[in-house]
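First the structure, in the form of structure tokens, and then the observations on it.
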Amino acid sequence: MLRAGLDRYIVVRSASIDRQAKLQEVQKAMEEANMLEVPLLERNLIALATIASIATMVGLLGTVIGMIRSFSALGHTGSVDAVKLAVGISEALINTAGGLFVAIFSIVLYNVFVTMIDNFNYMMDEATLEVVEVLSLKEATK
């Protein structure tokens, strides 16, 4: 991104435009480069957010299926078969735990990556301002 701004400066420094227009061109080039890079950084975040959302629903679906099996076993025999009942409840709890584990892990990763991208954008904004200030001082001394 900074290279795009410096490359633009090399092109416009000998142009017959005023100092402010040169600096605006440099800043515009860096902002355009940033707008091209940020979507590349964020491209897989949608998948991670989707996994986090769906994981809880899949765990809940497994819970419901396990409970249906438990009550089905209870309904077919007419009496309480502790083994079949326990197997269904166990299946329900395993699915719930698995779904929650995947969802929690995905949400944590999503937040870590969003924070990293935000920090990168902040650093690039700061670097852009510094480059423009340095070039502004350089242009002022000409």
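Some notes on this structure:
- Hey, D125 modelled with pLDDT of 90 or more and in a helix (DSSP H, G or I) or not: no
- Pick from segment 64-82, criterion open to solvent by 60 Å² or more (accessible area, probe 1.4 Å) and in contact (Cβ under 8 Å) with a residue 24 or more places away in the chain, ranking: farthest from M1 (Cα to Cα): M67
- Failed condition for V112, given (1) in a helix (DSSP H, G or I); (2) of a type in the set (V, I, T); (3) open to solvent by 60 Å² or more (accessible area, probe 1.4 Å); (4) within 23 Å of E139 (Cα to Cα): (4)
- Scan of segment 115-142 for residues that are exposed (fewer than 14 other Cβ atoms within 10 Å of the Cβ) and more than 31 Å from the chain's Cα centre (by Cα), ordered by number: E133, V134, L137, K138, A140, T141, K142
- Criterion (loosely packed, with under 15 Cβ neighbours inside 10 Å, assigned to a helix (DSSP H, G or I) and more than 25 Å from the chain's Cα centre (by Cα)) met by exactly one of V26, V11: V11
- Residues that are open to solvent by 70 Å² or more (accessible area, probe 1.4 Å) and not in a loop (DSSP other than H, G, I, E, B), drawn from segment 41-63: L41, E42, I46, I51, I54, M57, V58, L60, L61
- Against the conditions (1) open to solvent by less than 100 Å² (accessible area, probe 1.4 Å); (2) of a type outside the set (S, T, N, Q); (3) farther than 25 Å from I117 by Cα, V38 satisfies every one except (3).
- Test: residue in segment 83-104 that is open to solvent by less than 80 Å² (accessible area, probe 1.4 Å) and of a type in the set (S, T, Y): yes
The values are calculated or read from the model by the stated rules, or taken from the named source; none is laboratory data. Computed from a prediction, not measured in an experiment: that's the story for all the values here. Backbone-built Cβ (ideal geometry, glycine too); neighbour counts: all protein chains shown. Surface accessibility is based on the protein's heavy atoms, side chains included, excluding ligands, DNA and RNA. Shrake-Rupley method; radii C 1.70, N 1.55, O 1.52, S 1.80 Å.
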